[in-house]
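Have a look at the structure below before the remarks.
The values are calculated or read from the model by the stated rules, or taken from the named source; none is laboratory data. Worth saying up front: this structure is predicted, and the values here are computed from it rather than measured. A quick note on method: Cβ atoms are made from the backbone with ideal geometry, for glycine too, and the neighbour counts reach across all protein chains shown.
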Amino acid sequence: VPYDYRSVMHYGARDFSTNGQITVQTLDTNFQNIIGRAPGLSFRDIRLANAMYNCAGSCPAMNCPGEGFVGKDCQCKCPTNDPNNPIQNCVGTAASTTTTAAPPTSAPTKDCSDMNMYCSYWAGQGYCETSRYMMMYCKESCRICNAAKRCEDMGQSCGLLQQRGFCSVNFFRNYMQANCAATCGFCRAGELLAADGSPLNKASILESASALLMLAVVAVWRIL
């Protein structure tokens, strides 16, 4: 918005003066006796407030003339020469016929994806090892998408957990197979093995997700 001598916020020519002399001098002398005398909001005051609060956020694209802007009623607003009534509907304007294509909303075709925009950040903080939510809704960031085709450690505490005997605890077996396969030795030709010796699938991993919180509690208890 251009500089506005008519703004209701503008100081007057003699504001803060102690001797009645001019304290605020305009670069454009035509406005020297206008500043500080606005009877209300100027056109540019209204335009600025409209932009700051996105009043026309739900309106279609409009091509307004000059300093015109789109108001909350989705009509172009133009200035007048009347300080007491500084705004009017512009003449001869209409909504643009151009439209912007909406982004696709269809679900991803792959069967394993993140369902929260913060999954990657949470995974970096280590929550894949302790949060059931992460196992269910952040599969891609927690790297459980292709668990049945991969044999590697996914957790940072696998060595410690293996020392504490968790690889052989049946209650935690699926979790340890999914997250500490290499350390626990649950590998066969690049596959993960379930308790019965068959390849471990994603369903088995998710079914054991309820054990995650208890795993963390027990691990801390044993360490202490």
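Take the conditions surrounded by 14 or more Cβ atoms within 10 Å (Cβ to Cβ), charged (D, E, K, R), closer than 26 Å to ASN85 by Cβ and within 38 Å of the chain's Cα centre (by Cα) and apply them to ARG6. Does it pass?
So ARG6 fails the test.
From the list ALA49, ALA56, ALA38, ALA13, pick out the single residue that is touching a residue at least 40 places away in the same chain (Cβ under 8 Å) and either at negative phi or out of contact with any strand residue (DSSP E or B) (no Cβ under 8 Å at 6 or more places or on another chain) (or both).
ALA38
Looking only at segment 41-67, how many residues end up being surrounded by 13 or more Cβ atoms within 10 Å (Cβ to Cβ), assigned to a loop (DSSP other than H, G, I, E, B) and more than 32 Å from the chain's Cα centre (by Cα)?
Adding up the residues that qualify gives 3.
Of all residues in segment 16-33, how many are closer than 26 Å to ASP82 by Cβ and either at pLDDT below 90 or not in a loop (DSSP other than H, G, I, E, B) (or both)?
Residues that pass the stated criteria total 3.
Quick grid of which residues meet (1) modelled with pLDDT under 90; (2) over 21 Å from TYR3 (Cβ atoms):
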position	(1), (2)
LEU41	no, no
ARG44	no, no
MET52	yes, no
CYS55	yes, yes
MET62	yes, yes
GLU67	no, no
VAL70	no, yes
THR80	no, no
PRO86	no, no
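The rows are residues; the columns are (1) at pLDDT below 75; (2) polar (S, T, N, Q); (3) in contact with a Cys (Cβ under 9 Å, 6 or more places away or on another chain).
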position	(1), (2), (3)
ARG47	no, no, no
CYS76	no, no, yes
ALA101	yes, no, no
THR105	yes, yes, no
MET117	yes, no, no
MET136	yes, no, no
LYS139	no, no, yes
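So if I check each of ASN201, ASN170, which one is at pLDDT below 80 and within 28 Å of ASN116 (Cα to Cα)?
ASN201
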